[in-house]
Amino acid sequence: MHTRDRQRLTMQIHQELSLPGMGCGTWAWGNQLLWGYNESMDAQLQAVFNLCVSNGVTLFDTGDSYGTGRLNGRSELLLGKFSQEYQGVNQENICIATKLAAYPWRWTRQSMINACKSSAQRLGRNVDLVQMHWSTANYAPWQEVGLLDGLADLYEQGLVKGVGLSNYGTKRLQRVHQKFAERGVPIKTLQVQYSLLSTYPVTELGLKDVCDELGIKLIAYSPLALGILTGKYSEKGPFPRGVRGLLLRQLLPGVRSLLQCLQDVAQSRNKTMSQVALNWCIAKGTMPIPGARSVKQAQENIGALGWQLNSGEIAELDKAAASSDKKMVQNIFQTK
């Protein structure tokens, strides 16, 4: 089949992907190690899902590696169940975005197709937005060739509505965009760690400008910096157990001025610090995907929508972020 014919056919079999202003991250759904998940939380998580969808937060970001040990794939199983049982407003806009892991044993295009089909099986429906979880460019560039081909195949075969990338930098993104463009496969989204404590992808790599130029929506994961920007933790503790607790201990003393600035803006706006931090991400033209494990957290996240920080407030927050002594550790897979 000629390239042009293939592109025409590809466009015919695709429904439009609907992207909201904010999504919901589900890394914690099934993760015992970092987030203390247990199955008694499922009813609460379903209530979170329903509340999000009914308020227009219709994209749920997951991954086929989410869920620890015997609970591997749990996040997708839950999302499949919740999306099938949900009935109400915005039902048709629900978008399940799965990231497929670049495991060492995955290196052929068929391995990506199989992985996506396994995700679809757990979901009980097709994946809407399939994403490459990370680039292997930093340690095994040869591996990525087959994985990217498989990602594009999924779109061409009509198994997904859209294709996205995760943890890619500017140079790598441009290369993949060109490769996909030759096959008529658009890249819809790119997600990176982005928050007031992690501005690196935008300020240093210039990713936002490149994404705008290429028509790609930038998704901000960890927009609350593992909870640091919520203001719920003090330097004296108590801290959550494990890795998160260690990170909080290290970072909190160096971000006092930023947290103070966040608090000042929040008070003047009658909003919470979380809502200001999320609204800042939206003001920067990104789609934040904060996690939520309780209805209270989901309600707080939703409160970031429907209003806008003004340019003066954004400038204050930018200045406080730039002068912060500490920054979030970058993802080791983030490329340039």
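The values are calculated or read from the model by the stated rules, or taken from the named source; none is laboratory data. All of these numbers come straight from a predicted model, not from anything done at the bench. FYI the Cβ positions are ideal-geometry reconstructions off the backbone, even for glycines, and counts take in every protein chain you see. With ligands, DNA and RNA removed, areas are computed over all heavy atoms of the protein, side chains included. Shrake-Rupley method; radii C 1.70, N 1.55, O 1.52, S 1.80 Å.
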ask   = Nearest 10 degrees, 0 to 90: what angle lies between the long axis of helix 170-181 and the longest principal axis of the chain (Cα atoms)?
value = 30
query = For the Cα atoms of the chain, what angle does the longest principal axis make with the long axis of helix 74-85, in degrees from 0 to 90, nearest 10?
reply = 80
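When only C-alpha pairs under 8 Å and at least 6 residues apart count, what is the relative contact order of the chain, in percent? Display every interim value, and only then the final one.
Details: 592 pairs, mean separation 64.8, N = 336.
Relative contact order comes out at 19 percent.
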Rounded accessible area of Tyr103 (nearest 10 Å², 1.4 Å probe) = 50
query = Leu258: accessible area at probe 1.4 Å, nearest 10 Å²?
reply = 0
task = At most 16 other Cβ atoms within 10 Å plus a DSSP loop assignment makes a site exposed; report the longest stretch of the chain without any exposed GluC sites (Glu not before Pro).
result = 17-181
message = For segment 51-194, what does the relative contact order come out to in percent, with C-alpha contacts under 8 Å and a separation of six or more?
response = 20
query = Over all directions, what mean area does the Cα convex hull of segment 93-185 project, stated in square nanometres?
reply = 5.9
task = Assuming 1.002 mPa s and 20 °C, estimate D for segment 205-336 with Stokes-Einstein, Rh taken as the Kirkwood radius over Cα pairs, in µm²/s.
result = 136
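Here are some pairs, Lys117/Lys327; Lys99/Lys236; Lys81/Lys232; Lys271/Lys327; Lys99/Lys284; Lys171/Lys232; which of them have Cα atoms lying more than 30 Å apart in this structure?
Working: Lys117/Lys327 38 Å; Lys99/Lys236 36 Å; Lys81/Lys232 32 Å; Lys271/Lys327 24 Å; Lys99/Lys284 24 Å; Lys171/Lys232 37 Å.
Correct reply: Lys117/Lys327; Lys99/Lys236; Lys81/Lys232; Lys171/Lys232.
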message = I'd like the distance separating the alpha-carbon centroids of segment 288-305 and segment 229-279, in whole Å.
response = 16
note = What the Cα atoms of the chain span along the principal axes, largest first and in whole Å, is 62, 42, 36
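Quick one: accessible area per residue over the chain, 1.4 Å probe, rounded to a whole number of Å²? Working shown, then result.
Numbers: 14920 Å² over 336 residues.
Solvent-accessible surface per residue comes out at 44 Å².
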Selection of trypsin sites (Lys or Arg not before Pro), segment 123-172, meeting DSSP coil and at most 16 other Cβ within 10 Å = Arg125
query = Quick one: helix 42-54 against the long Cα principal axis of the chain, what's the angle to the nearest 10°, folded into 0 to 90?
reply = 80
key: Part-to-part distance (alpha-carbon centres) for segment 109-147 and segment 180-210, which is given in Å   = 19
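Please list, by residue number, every one of the trypsin sites (Lys or Arg not before Pro) in segment 208-293 that is coil in DSSP and has at most 13 other beta-carbon atoms within 10 Å. Working shown, then result.
Numbers: sites: Lys208, Lys217, Lys232, Lys236, Arg241, Arg244, Arg249, Arg256, Arg269, Lys271, Lys284, Arg293; in loops: Lys232, Lys236, Arg241, Lys271, Lys284, Arg293.
Here the trypsin sites (Lys or Arg not before Pro) that fit, given the DSSP loop and packing criteria, are Lys232, Lys236, Arg241.
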request  = Could you check how much of the accessible area of the chain is carbon and sulfur, as a whole percent, using a 1.4 Å probe?
outcome  = 51
